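Visitor: Please read through the structure below; I'll follow up with questions.
The values are calculated or read from the model by the stated rules, or taken from the named source; none is laboratory data. Remember, it's a predicted structure, so these values are computed and weren't measured experimentally. A quick note on method: Cβ atoms are made from the backbone with ideal geometry, for glycine too, and the neighbour counts reach across all protein chains shown.
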Amino acid sequence: MPVFRSVPENSSAGNRGGISDAPTVRYCGKCLMPDTRPRIVFDSEGVCNACRHAADKKDIDWDARRQEFLDLVEKFRPRDSAYDCVVPWSGGKDSSAIAHRLKFEFNLNPLLVTFSPLLPNKVGLHNREELLKLGFDHVFVRPNQKVSRELAKRFFIERGNPKVHWDAGINAAPVRAAVQYGIPLIFYAEHGESEYGGRVLSAEHQKTRDFTEVIEHQIGDDPENWVDEDIAPRELAPYIYPPLEDIQRIGAHALYFGYFFRWSMYENYEYIREKFHFLTEESGRTDGTFTDFDSLDDKIDNMYYYMQFIKFGFGRATRDACRLIQNGHMSRKEGLELVRKFDSEFPKSHLSDNLDYLGLTEPEFNKTVDLHRNPEIWHMEGNRWKLRHPPK
Ligand SMILES: [Zn+2]
């Protein structure tokens, strides 16, 4: 595990918060996730569905799942393509572990598809190159940067999330490649709603991604609605799924690797660092958390996770601690100490690059941050913002 360092508390100040009789925030009794996480479900014992899902994994027959995986690969393997499957690949520990296992453990030839980070950095580039050296074909999608930057600014100001369009892009790009190359099988990493707490419609949804449903609901809004006087419809192509008829024509089948093999972000990290020289965060840990090995390839991610803290009251340390608690790598007590220490840390690394990218001054940035503070979650004490209901 990385070295843990102490940091000063977040001292960003702003507008005075609102209501005094805000509803309380519940925290999962097993991990540290609050019920402010969108779509999370708590049971009558106060335990979140991510923790229940983690506990259920102990009863899974992983040998049977492995056989199911082999059967499905055989069934969907294309007979007339150079590639056996598409892997949406950031170059991080999780998608690299999947790509590596598919190629070297299962003798498949995956086509790796990367949708560019908003602000790529050296660590991400290095890690992608290291895996590619082992022998993979790679499609790198870098959308129109003028449009991407404009959308990042718009979504940061309007929604407190500079990556709304990027989310659409990373989802659409692998499917566009699958259609283009005629590769029916796509391996996504984990079913996030099951692993981290959220909406789980059925057991089948934990295994297979339903494109009809994804296209209708998951993106949340249609990229075609982002058109304005500066952005033409055709400039939004990288963010839009191929037509459903095309997806059905190639018989696309998208599976979650984490359904077939026990999913753990820390174990993926341990796996991949044995396979090649995987760089971690230079400074020893990323802003807002105690880890140095997760979500490293985009300079804007520090700001992205900080905004999650502002909007929902849980930050990057909570996110990491919950994942480690659920997979048995950390106790709740240890996690709580780390959350108290790091969750509120201001995203100072790459701040000037991020502000430059968004075209904002630091006061404009801080003002936007405070506009997104939920008054049910935050209030002012003295001249400092505090969580109304911190974890305990
Ligand atoms: Zn939990």
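Visitor: What pairs can you find where one residue is in segment 349-361 and at negative phi and outside the structural domain of PRO162 (by TED's automatic domain parsing), the other is surrounded by fewer than 15 Cβ atoms within 10 Å (Cβ to Cβ) and not in a helix (DSSP H, G or I), and their Cβ atoms are less than 9 Å apart, with a gap of 6+ or different chains?
Guide: SER349/SER283; LEU355/THR361
Visitor: Scanning segment 173-211 for residues that are more than 20 Å from PHE260 (Cβ to Cβ) and touching a helix residue (DSSP H, G or I) at 6+ places or on another chain (Cβ under 6 Å), which turns out modelled with the highest pLDDT?
Guide: VAL179
Visitor: I'd like the residue in segment 282-304 that is surrounded by 24 or more Cβ atoms within 10 Å (Cβ to Cβ) and among the hydroxyl-bearing types (Ser, Thr, Tyr) and, out of all such residues, is farthest from MET33 (Cα to Cα).
Guide: THR286
Visitor: Here is a further query. Inspect all residues belonging to segment 116-131 and state whether any of them is crowded, with 16+ Cβ neighbours inside 10 Å, touching a His at 6+ places or on another chain (Cβ under 6 Å) and either part of a loop (DSSP other than H, G, I, E, B) or not basic (Lys, Arg) (or both).
Guide: yes
Visitor: Sticking with this one: Among (1) modelled with pLDDT of 95 or more; (2) surrounded by fewer than 18 Cβ atoms within 10 Å (Cβ to Cβ), where does ASN327 come up short?
Guide: So the condition that ASN327 fails would be (1).
Visitor: Looking only at residues in segment 212-238 that are within 30 Å of PHE69 (Cα to Cα) and touching a Leu at 6+ places or on another chain (Cβ under 7 Å), which one is modelled with the highest pLDDT?
Guide: THR212
Visitor: If you don't mind, there's one more thing I want to ask. Scan segment 262-280 residue by residue and report those that are of a type in the set (Phe, Trp, Tyr) and closer than 26 Å to ASP56 by Cβ. Outline the logic, then answer.
Guide: Pass one, segment 262-280, residues of a type in the set (Phe, Trp, Tyr): 263, 266, 269, 271, 276, 278.
Matches in segment 262-280: TRP263, TYR266, TYR269, TYR271.
Visitor: Right, here's the next one. Among (1) at pLDDT 95 or above; (2) within 14 Å of the ligand (Cβ to nearest atom); (3) assigned to a helix (DSSP H, G or I), where does ALA54 come up short?
Guide: Here ALA54 clears every test but (1).
Visitor: Show the residue pairs that are 6+ apart or on different chains and have beta-carbon atoms under 7 Å apart, the first residue being within segment 186-205 and within 19 Å of HIS253 (Cβ to Cβ), the second being among the basic types (Lys, Arg).
Guide: Correct list of pairs: TYR188/ARG209.
Visitor: So, one more: Only one of these conditions is not met by ASN49: (1) within 16 Å of the ligand (Cβ to nearest atom); (2) at pLDDT 95 or above; (3) out of contact with any Leu (no Cβ under 8 Å at 6 or more places or on another chain). Which number is it?
Guide: It is condition (2) that ASN49 fails.
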